[in-house]
Amino acid sequence: MPTRPLDATAGRPKAPLPDEVTPLLGNRTPAQFMRRYWQKKPLLIRQAIPDIEAPLTRDELFNLADLDDVESRLITHFRKTWALEHGPFAPDELPPVKKREWTLLVQGVNLHDDRAHALMNRFRFIPDARLDDLMISYATDGGGVGAHFDSYDVFLLQVHGKRRWRIGAQRDLTLNPGLPLKVLQHFEPEEEWVLEPGDMLYLPPHIAHDGVAEGECMTCSIGFRAPSARELTGQFLYHLAERSTDADAAPALYRDPKQEPVAHPAQLPSLLVDRVGAILADVSWNEKDVASFLGSYLSEPKANVVFDPPNRPLNEQKFVGRIQKSGLRLDRKTILLYDKRSYFINGEAGIFDSKTKKWLAELADNRLLEAKRFVTLEDDSSMTALLHEWYRAGWIQVDACA
């Protein structure tokens, strides 16, 4: 039977195991959900998380939207006109909460708050490499962002107040021209529900939907990464080029000893085209190269993510002594992935050896090492040195399990 991953936030509910029946998925197992619904069809789940409370209060969310390293947007529909502004927003720059038809969207709340981080961790039955972030949408009565579609999977969890959702699997995805938002020009809803706190709606990509607040409300959106083929191709080729540059101390330069003089100097020479075509034809890769690229690329923090190193870092000896007593955890912002050969942390890669593979995979899956577990591993000096390096960078935190 699989071992349930621990939770890096003590006392918080954990992600269900693949074959565990859970209210989160409407008394289905994750295996049933992934087989029947994931990227296939919508699912309404009543009381997915009973007695839920919003991870942040309204005032806490407004204060978060005032930070420079937090992505936030203000969407208004005053006098039937859509408007979009990007944060940060000082609390007094937001419309009054009694004014109708405005919405504040705050991305990546899980990076800044343990409660939001723990809530997102409930969805780790889906691989971390796909899990993106938790966004909170605050809306006053009538607030929304218009009928639209997303290019990624999303769980829409109601955490405060009520929101009316209309959805449709329409083929016409034409957008309304001239608007600052991607609002569908011809929305054709097929189903409609009002979600109350604890209710959740799962939508696969390209399902049209429109959510409108009935009174003041908050909705948590758990979204997933879905990079385009163009993005993956470009980034992978760049990754290959970087690795080639690193491997070759003196990379070969283009040469054309058989080039003849020309009468039309601006014309692209056919010899150049042929030679570069031959170079590109020699480019090759294997499964190891693809895995290395994906691990580094998908663990790379977003551009607005900033780590906070300790103000007065402990030396390695004191660091070891501290985690012997209290354990350690990955920082909320840290992404640690692995495959059968390597580990990838915040865009950097390392190779497993016989000692590191088990504990690093354990740390990645659980996002913590308890003190008693660390004590069984601390004789590995390379491990303690690596963890101390990550601690100094702000990638892990001590006092995880105190």
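Every read-out reported here was derived from the displayed coordinates using simple, explicitly stated rules and does not represent laboratory data. These figures come from a predicted structure and were not determined experimentally. Reconstructed Cβ throughout: ideal geometry from the backbone, glycine too, with neighbour counts over all protein chains shown.
Figures for the structure shown
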{"read-out": "Full-stretch length increase - VAL290, LYS302 - with 0.36 nm per residue and alpha-carbon distance subtracted", "value": "2.2 nm"}
{"read-out": "Nearby lysines by direct alpha-carbon distance to LYS258 (threshold 21 angstrom, same-chain neighbours under 8 apart not counted)", "value": "none"}
{"read-out": "Length-normalised contact order of segment 263-382 in % [C-alpha pairs under 8 Å, at least 6 apart]", "value": "28"}
{"read-out": "Cross-link pairs beyond the 20 Å C-alpha cut-off, checked among LYS302/LYS333; LYS41/LYS80; LYS333/LYS358; LYS333/LYS355; LYS318/LYS372", "value": "LYS41/LYS80; LYS333/LYS358; LYS333/LYS355"}
{"read-out": "Part-to-part distance (alpha-carbon centres) for segment 186-255 and segment 271-316, which is given in Å", "value": "19"}
{"read-out": "Backbone HN-Hα couplings from phi across segment 17-25 [Karplus 6.51/-1.76/1.60, Hz, Gly and Pro as x]", "value": "6, x, 10, 9, 5, 9, x, 3, 10"}
{"read-out": "Segment 359-402 versus segment 142-166: alpha-carbon centroid distance in Å", "value": "39"}
{"read-out": "Placed amide H near LEU368: partners under 5 Å, 5+ positions off or other chain", "value": "LEU330"}
{"read-out": "Under the span-like rule (Cα at least 24 Å along the axis, Kyte-Doolittle mean at least -1.0), DSSP H helices of the chain", "value": "229-247"}
{"read-out": "Selection from ALA83, VAL262, TRP165 lying farthest towards where the dipole of the chain points positive, charges on Cβ", "value": "TRP165"}
{"read-out": "Gyration tensor verdict on the chain (Cα atoms; rounded if a/c is under 1.5, prolate if a/b is larger than b/c, oblate otherwise)", "value": "oblate"}
{"read-out": "Förster-model FRET efficiency, 30 Å R0, ALA90 and LEU44, C-beta, rounded to 0.05", "value": "0.20"}
{"read-out": "Rounded FRET efficiency, nearest 0.05, which uses the C-beta distance separating LEU280 from ARG341 and R0 of 25 Å", "value": "0.35"}
{"read-out": "Segment LYS357-ALA229, extension gain: residue separation times 0.36 nm, minus the distance between their alpha carbons", "value": "43.0 nm"}
{"read-out": "Cα-based convex hull, segment 23-224, per residue volume (Å³, whole number)", "value": "116"}
{"read-out": "Gain on full stretching of the segment that runs from ARG164 to GLU20 - 0.36 nm per residue minus C-alpha separation", "value": "48.8 nm"}
{"read-out": "Residues with amide H under 5 Å from that of GLY161, placed H, sequence gap 5 or more", "value": "MET218"}
{"read-out": "Residue with peak Gaussian network fluctuation, the chain [Cα springs, cutoff 10 Å], from TYR391, TYR138, TYR254", "value": "TYR254"}
{"read-out": "Modelled FRET efficiency - R0 45 Å, GLU53 with LEU175, Cβ distances, 0.05 increments", "value": "0.80"}
{"read-out": "In Hz, Karplus ³J(HN,Hα) per residue of segment 194-201 (6.51, -1.76, 1.60; θ = phi - 60°; x = Gly, Pro)", "value": "9, 9, 10, x, x, 7, 9, 10"}
{"read-out": "GNM result for the chain, Cα springs below 10 Å: residue of HIS160, HIS206, HIS186 fluctuating most strongly", "value": "HIS186"}
